[in-house]
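The values are calculated or read from the model by the stated rules, or taken from the named source; none is laboratory data. Remember, it's a predicted structure, so these values are computed and weren't measured experimentally. When we count neighbours, we look across all protein chains shown, and the Cβ atoms used for this are built from the backbone with ideal geometry, even at glycine.
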Amino acid sequence: MDTVIELKNVSVGFGNDLILKNVNLSVKNGDTLVLIGPSGGGKTVLLKTMAGIYHPLKGQVICEGIDFTTLTQPERYKLAQHLGMQFQKSALFDSLTVYENVAFPLKEHGHFSAAQMDERIKECLNAVNLSSSAHLYPHEISGGMRQRLGIARAIAMKPNIVLYDDPTAGLDPINTDKAVELIIDLKQKYNATIIVVTHSMNAAYRLNGTIALVANQEVLVTGDQEQTKAHPDPRVQQFIQGKLQGPLTFES
Ligand SMILES: Nc1ncnc2c1ncn2[C@@H]1O[C@H](COP(=O)(O)OP(=O)(O)OP(=O)(O)O)[C@@H](O)[C@H]1O
Ligand SMILES: [Mg+2]
């Protein structure tokens, strides 16, 4: 299958607030899509809509050929196994250990024996370099380790599509680089399609994918690094150059 996620005329809102309006977007198998944009612009809402967590007001969200919006909640839940999501701020379970956090989606969705589950958890923890911290609780590990744990949990089911919501948030420049490298390595290892939200333009360029700006209820695909840097839209230039003055509105 060539296109793994497609949004057709998708609008998403809450109450009287329209967050995304008539969004059209298509992500091909094996692609990297990088979402940038001002805080409050709708990046998380877009990811959660792709994951079938938020239901659009109108339009179609087609994931691996199946329209999410026509499915019942249990059917959506089943299809969502093909998708792994690292939530913003990782959304870890504080009362579960590192090991148990990765076990969670496997118990929830999988049909694994205890031995298979143990093997899979160890593989994921090893992939993100957390094997020696398996017994610790989220409050006992650093911010960078928590981000990596969120990544291990997102890939536990070996999903075809992995959605990363701000995986470098709060990391120092070295750990930001390491997290980006990890995401690139895991993509290659599992042959996945990835969609990554980031506030770091360095990370956005390093991921070497297609960049899209989420702002003013729109998703504007700006192309690769060179195309984005040369993009004529003033919103793109304001954002990538980090200018205070310009057409973009930022949450205060
Ligand atoms: N469940 C919800 N109910 C009501 N409003 C929501 C909900 N989720 C998000 N919003 C609103 O949608 C808008 C976009 O939020 P979103 O979290 O997608 O921003 P973002 O681009 O991810 O920002 P950040 O970069 O700070 O993470 C905000 O105004 C937010 O308040
Ligand atoms: Mg967000």
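Tabulated data
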item	result
So M157, is it part of a loop (DSSP other than H, G, I, E, B), surrounded by 16 or more Cβ atoms within 10 Å (Cβ to Cβ) and more than 16 Å from ligand 2 (Cβ to nearest atom)	yes
Options D2, D17; residue that is surrounded by fewer than 14 Cβ atoms within 10 Å (Cβ to Cβ), of a type outside the set (G, A, S) and within 16 Å of ligand 2 (Cβ to nearest atom)	D17
When residues of region 16-52 are limited to those that are within 9 Å of ligand 1 (Cβ to nearest atom) and assigned to a strand (DSSP E or B), the one farthest from the chain's Cα centre (by Cα)	D17
Near pairs, Cβ below 6 angstrom, 6+ apart or cross-chain, from region 32-43 (near ligand 2 (Cβ under 8 Å from one of its atoms)) to any residue that is part of a strand (DSSP E or B)	K43/L35; K43/V197; K43/V214
Flag for N129 being touching a strand residue (DSSP E or B) at 6+ places or on another chain (Cβ under 7 Å) and away from ligand 1 (no atom under 16 Å from the Cβ)	no
Some residue of region 53-62 being buried (at least 22 other Cβ atoms within 10 Å of the Cβ) and within 16 Å of ligand 1 (Cβ to nearest atom)	yes
Looking only at region 221-248, and only at residues there that are of a type in the set (A, V, I, L, M, F, W, C) and surrounded by 18 or more Cβ atoms within 10 Å (Cβ to Cβ), the one that is modelled with the lowest pLDDT	L248
Condition met for T70 (free of Cβ contacts under 8 Å to residues at least 24 places away in the same chain and more than 16 Å from ligand 2 (Cβ to nearest atom))	yes
